[in-house]
Amino acid sequence: MKRTTVLLALGFVFAAISIDQTFAQQSSNAAKAESTVHNSAARVNGYEPMWWKEAVVYQVYPRSFQDSNGDGIGDLNGITQRLDYLKKLGVNVIWLSPHYDSPNADNGYDIRDYRKVMKEFGTMADFDRMLAGIKARHMRLIVDLVVNHTSDEHRWFVESRSSKDSPYRDYYFWRDGKPNPADPAHPLPPNNYPSFFSGSAWQWDGTTKQFYLHYFAVKQPDLNWDNPKVREDVFALMKFWLDKGVDGFRMDVIPLISKQPGLPDLTPEEMKDPPRLWANGPHRDEYLQQMNREVLSKYDVMTVGEAIGITLEEEPKIINSQRHELNMVFNFDAVRLNRGEFYSEAKWTLPQLKAIYDHHATALSKTDWDTVFLSNHDNPRLVSNYGDTSTAEFRIRSAKLLETMLLTLRGTPFIFQGDELGMTNYPFTRLDQFNDIEVKNAYKEKVLGGKMTEGEFIAESRRFGRDNSRTPMQWSDAPNAGFTSDAAKPWLAMNPNYKEINASKEGADPESILRYTQEAIGLHHAHLAFVYGDYKDLDPDNTQVFAYTRTLKVPAKPDQRFLVVLNFGEKPLDYTLPEGVTAGKLVLANVQGTPETGGSKLKLGAWDARVYTY
């Protein structure tokens, strides 16, 4: 028996990744349902309905998505060529990682010109064409906003470092160094701030004989948001893109914009976690509220902040709708559960993961909104991180299970490119295979500094390094996986497993991760219970099974009641549902042959994922 599909009549035929009539009709029905909700002034289960709450977001890392001109680097025209694929997948918001002009010290997160497209990615005309294609398919686009820092090649910084009297001097943080008795000609940094990318957060500049602040790379000087002219210029560039028609922003390290007055040394306790201090500057909320008042409130936008240094309890200060700052933030409690210091691995248990999601459900109110994600451009591949790649079967099953979880939990789900295929970490063996500045700088500190061997460092970087998520998208079994046509090699090595894991092959396989993810997205869109419904963990202490319900009362209609059961592991087991819950009709399953009805006792296979009515 075939796996039961989402609406019991989805019947998707992916067929070379083209749009079929069934999907078009399902999308039309979802759009009508969304319109009905948004035309009603009534709240849904206490929540104010908004389009960005009902979205499924797909992150595109442009350098690695699709190369259209054969230079080995992904570009905007390549994204445009693949829009039908994204529409077919069912996502309705695209998050585009930085596309701006940049010298690429940190792969585009060091911006040289906010109003210009990176040369390798194309032109502004290419951007406009891509945006028009997105709109034509009834999808939306949000772009990265990187305004805690700029590139040191941005004209503001070029002017700022030219003279202490420059009108742009106070656009950045400049300070005299501390006396260095051991070498008076070379002052010490102004304070003990460490950079996220290793070493000091201060860089000496010989032209004006002062240090400038950079929380990240040396080529990423921090902007001084205390200067009202900086805020005015940032708001202007935001309006530039919103007036072009983009639908919002993902805001890079946005809590860091308000620095501590006087920039004092960190105490020994603060040195254990510097972002905790840096993310809670005295003017953070004032500046975000000004941004909302002067820019965001004038557009129908989606905003999601990277909540570095912010605890869950502190999130409502930023995302509560009554405070008029941001719509939502990325909280890293779940995605970093298995991480120790730097790239070391920490032991974790399923009850710990479940406790995080339960904590979110109880700590955030009906005027807050959450995100759901376990991967992005800064983290390992989803299935390599929380799934099981020991066998092909377990990779497929665990990837489907993880997508099931992400698309049925509370909050707006975010999918990183390639995770819908079950793409895996790259098998790094040598330092020269890495491109990421974080790895290169950490090597100097940890290996050359004598803290670990090169073998230990490569093993940790292979496990958690950011390059894992940045290897090119695997489109087919053609040379370079169809990512680039003419280049001798892509900008970053292609994962050698692309002949087995690619979109073309999975599009033709009804049992693939790609086809399953499409179904799971369809289920999410079809039932508002997965958006606004209540969440309850039925068995929080179970070390192998994650079982929870999503329920929504709908006026004048039957309640929407769904049960999700996930077996996190390769061990099959007989599972009795707690609290007298009985599984009803099966609406989604990742294992072929799953019985169409459940009951109170379920026989779960390895990495089994099921969604029932109940």
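Numbers for the structure displayed
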| read-out | value |
| --- | --- |
| Positions within the range 316-332 being at negative phi, part of a loop (DSSP other than H, G, I, E, B), free of Cβ contacts under 8 Å to residues at least 60 places away in the same chain and out of contact with any Pro (no Cβ under 8 Å at 6 or more places or on another chain), in sequence order | Asn320, Gln322, Glu325, Asn331, Phe332 |
| Failed item, numbered, when Leu353 is tested on (1) modelled with pLDDT of 95 or more; (2) open to solvent by less than 20 Å² (accessible area, probe 1.4 Å); (3) over 22 Å from Thr408 (Cα atoms) | (3) |
| Residue list for the range 594-614, restricted to those being basic (Lys, Arg) and over 15 Å from Thr549 (Cβ atoms) | Lys601, Lys603 |
| Test: residue in the range 368-386 that is under 24 Å from His527 (Cβ atoms), in contact with a His (Cβ under 8 Å, 6 or more places away or on another chain) and open to solvent by 30 Å² or more (accessible area, probe 1.4 Å) | no |
| Any hit, the range 118-130, residues being assigned to a loop (DSSP other than H, G, I, E, B), over 20 Å from Gln518 (Cα atoms) and at pLDDT below 95 | no |
| Every residue from the range 134-153 that is in contact with a helix residue (DSSP H, G or I) (Cβ under 8 Å, 6 or more places away or on another chain), open to solvent by less than 10 Å² (accessible area, probe 1.4 Å) and not in a loop (DSSP other than H, G, I, E, B) | Ile134, Leu141, Val143, Leu145 |
| Subset of the range 360-380 [farther than 16 Å from Thr303 by Cβ and hydroxyl-bearing (Ser, Thr, Tyr)] | Thr362, Ser365, Ser375 |
| Lys219, sole failed condition from (1) of a type outside the set (A, V, I, L, M); (2) touching a helix residue (DSSP H, G or I) at 6+ places or on another chain (Cβ under 7 Å); (3) not in a helix (DSSP H, G or I) | (2) |
| Scan of the range 154-198 for residues that are part of a loop (DSSP other than H, G, I, E, B), surrounded by 14 or more Cβ atoms within 10 Å (Cβ to Cβ) and among the acidic types (Asp, Glu), ordered by number | none |
| Residue that is most open to solvent (accessible area, probe 1.4 Å) [pool: residues in the range 68-105 that are closer than 20 Å to Val304 by Cβ and part of a loop (DSSP other than H, G, I, E, B)] | Asn92 |
| Failed condition for Ala488, given (1) outside any loop (DSSP other than H, G, I, E, B); (2) in contact (Cβ under 8 Å) with a residue 40 or more places away in the chain; (3) of a type in the set (Gly, Ala, Ser) | (1) |
| Members of the range 76-85 found to be of a type in the set (A, V, I, L, M) and within 13 Å of Ala136 (Cα to Cα), listed by number | Leu83 |
| Which numbered condition Tyr109 fails, given (1) touching a helix residue (DSSP H, G or I) at 6+ places or on another chain (Cβ under 8 Å); (2) crowded, with 21+ Cβ neighbours inside 10 Å; (3) in a loop (DSSP other than H, G, I, E, B) | (1) |
| Residue match in the range 391-400 (condition: in a loop (DSSP other than H, G, I, E, B) and open to solvent by 50 Å² or more (accessible area, probe 1.4 Å)) | yes |
| Residue match in the range 154-174 (condition: under 14 Å from Asp113 (Cβ atoms), within 29 Å of the chain's Cα centre (by Cα) and β-branched (Val, Ile, Thr)) | no |
| Number of positions in the range 256-314 that are among the hydroxyl-bearing types (Ser, Thr, Tyr), outside any loop (DSSP other than H, G, I, E, B) and surrounded by 18 or more Cβ atoms within 10 Å (Cβ to Cβ) | 2 |
| So Asp358, is it open to solvent by 10 Å² or more (accessible area, probe 1.4 Å), among the acidic types (Asp, Glu), assigned to a helix (DSSP H, G or I) and in contact (Cβ under 8 Å) with a residue 24 or more places away in the chain | yes |
| Some residue of the range 202-213 being under 25 Å from Asp378 (Cα atoms), part of a loop (DSSP other than H, G, I, E, B) and open to solvent by less than 40 Å² (accessible area, probe 1.4 Å) | no |
| Selection status of Glu519, at pLDDT 95 or above and crowded, with 23+ Cβ neighbours inside 10 Å | yes |
| Failed item, numbered, when Arg63 is tested on (1) more than 20 Å from Arg381 (Cα to Cα); (2) part of a helix (DSSP H, G or I) | (1) |
| Some residue of the range 524-539 being crowded, with 16+ Cβ neighbours inside 10 Å, more than 16 Å from Tyr612 (Cα to Cα), at pLDDT 95 or above and over 25 Å from the mean Cα position of the chain (by Cα) | yes |
| Any hit, the range 454-462, residues being at pLDDT 95 or above and crowded, with 23+ Cβ neighbours inside 10 Å | yes |
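The values are calculated or read from the model by the stated rules, or taken from the named source; none is laboratory data. These numbers come from a predicted model, not from an experiment. Cβ sites come from the backbone with ideal geometry, for glycine too, and all protein chains shown count toward neighbours. Ligands, DNA and RNA are excluded from the accessible area calculation, which covers all protein heavy atoms including side chains. Shrake-Rupley method; radii C 1.70, N 1.55, O 1.52, S 1.80 Å.
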